[in-house]
1. In the set Ile161, Ile134, which member is without any contact (Cβ under 8 Å) to a residue 40 or more places away in the chain and either closer than 28 Å to Asp226 by Cβ or surrounded by 21 or more Cβ atoms within 10 Å (Cβ to Cβ) (or both)?
2. Consider Ser77 against the criteria (1) free of Cβ contacts under 8 Å to residues at least 60 places away in the same chain; (2) over 26 Å from Asn42 (Cβ atoms); (3) not in a loop (DSSP other than H, G, I, E, B): it satisfies all of them except one. Which criterion is unmet?
3. So in segment 393-404, with the set limited to residues that are of a type outside the set (Lys, Arg) and farther than 26 Å from Lys361 by Cβ, which one is surrounded by the most Cβ atoms within 10 Å (Cβ to Cβ)?
4. Would you check which residues across segment 63-90 are hydrophobic (A, V, I, L, M, F, W, C) and either within 24 Å of Phe38 (Cα to Cα) or at pLDDT below 95 (or both) and list them?
5. Look at segment 174-208 and say how many of its residues are without any contact (Cβ under 8 Å) to a residue 12 or more places away in the chain and in a loop (DSSP other than H, G, I, E, B).
6. Which condition number in (1) at pLDDT 85 or above; (2) in contact with a helix residue (DSSP H, G or I) (Cβ under 6 Å, 6 or more places away or on another chain) is the one that Ser368 fails?
7. Tell me, yes or no, whether segment 261-268 has at least one residue that is in contact (Cβ under 8 Å) with a residue 40 or more places away in the chain and in contact with an Asp or Glu (Cβ under 9 Å, 6 or more places away or on another chain).
8. Check Lys229, Lys271 and return the single one that is surrounded by fewer than 16 Cβ atoms within 10 Å (Cβ to Cβ), touching a residue at least 24 places away in the same chain (Cβ under 8 Å) and part of a helix (DSSP H, G or I).
Amino acid sequence: MKRKIYEKMLEWKNNRDGTALLIDGARRVGKSYIAEQFAKENYKSYILIDFYSAPAEVTDLFKNYLNDLDNLFMYLSAYYQVKLFKNESLIIFDEVQMFPKARGAIKYLTADGRYSYIETGSLMSVRKNVKDIIIPSEERHINMYPMDFEEFMWALGEEEIMPMIRDCFQKKKPMGQLIHRRAMDYFRQYMIVGGMPQAVELYSKTKDFEATDRIKRDILELYRQDIMKHSDGNELEIEAIFDEIPAQLSKHEKKFKLSDIERGANMRKYKQPFNWLADAMIVNNCYNSTEPNIGLKLNMDRTTLKCYMADTGLLISHAFDENGLVTEEIYKKLMFDKLTVNNGMIMENIVAQMLTAAGHKLYFYSNSSRDNAEDRMEIDFLTAKSKITNSHNISPIEVKSGERYTLSSLNKFRRKYSEYTNVPYVLHTKDFKEEDGIVYLPLYMTPLL
């Protein structure tokens, strides 16, 4: 399946700056697949070393022959029965977090210069996965996320709508009811299936929501196993957060309330578990920026956050799991926009997912003032302009899942922070419009912000 990260990989190869490429991402987002596809299409030969299952004969080579690279390459070539060609072969370190010594060897391998190297892995910054190694500066690090909306449509054979969406966004004009309805149909399918390649591939072939759900459940179970295996003693706290995500997002105020997990719980105890889930790219954490001016990060309150699943398809399978399987009836209600509960949770999560994939760090604004009703407001997301100026740098974003809604918080924000406010956006299920200084975008235009 076609992935946009491929273009970044080509850019790395053509740049020839002597670095290895490290592709970091959650389990099952397609890292191994894209690395091997890239190798087949761009090199004369390649070796893929899967450190999840590599035998001692292979791992011992990195212990015994780093000072004798001629023999290292000779043994690798013999073991994998692949001839290596100078400047024309690629060596892939797959699941490199399972054997950190290989990652530490990148410094010497890239300096040698004979071959190119791609590393793939998950949990790359977890403490035990970098223990006893110096993280090489000779790595170009890129993140890989679940398939975005356009990649999802490519997988379904649709390549015409996204150029039209871009054109209407740039020209600030509506899509028109026919095309808008068609785009929303695809968007709802994307929202339900999500962007995990294995699930998308099966859905593209069968259009079977129930069979697709089984794959997503397998991935969720894999994440639970990773939590148990790799969480350095925080597994109970991490699993508690993971299990609580749907309940927290289903509330009107989606800020994560630790007391729902444990009486008297505080961020001191749970900060590391939240960070672990974010480092594993299982979740997207969104932090409150207490003063929405130029430096959103400078005013970040690390004790107040919202925790979104990195893939909305996985969130749906995680949330509606009373019978171990999301029923076809629930999927039909989601598809035809008839689900009356949890719709806001799903819409806000997918916006967080799309903003993250587009390169945004996630921030929101919340003020629960009891003294002044005008100060009391909650803005779902904040984004900053790519080029910062003296004023009007921050765009407040409200996500609306229903047909009828109010904009009291957005209007309060515009009044209080008029000098900071750039373009205020409402993301909704309807077509594009601009009214009273607010830009209303259909949800599928979120990646273009």
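The values are calculated or read from the model by the stated rules, or taken from the named source; none is laboratory data. Given the structure is predicted, the values throughout are model-derived calculations rather than measurements. Here the Cβ is made from the backbone with ideal geometry for all residues, glycine too, and neighbour counts use every protein chain on show.
1. Details: Ile161 fails: either closer than 28 Å to Asp226 by Cβ or surrounded by 21 or more Cβ atoms within 10 Å (Cβ to Cβ) (or both).
From the options Ile161, Ile134, the qualifying one is Ile134.
2. (2)
3. Gly402
4. Leu66, Leu72, Phe73, Met74, Leu76, Ala78, Val82, Leu84, Phe85, Leu90
5. Matching residues across segment 174-208 total 2.
6. (2)
7. no
8. Values: Lys229 fails: touching a residue at least 24 places away in the same chain (Cβ under 8 Å).
The match here is Lys271.
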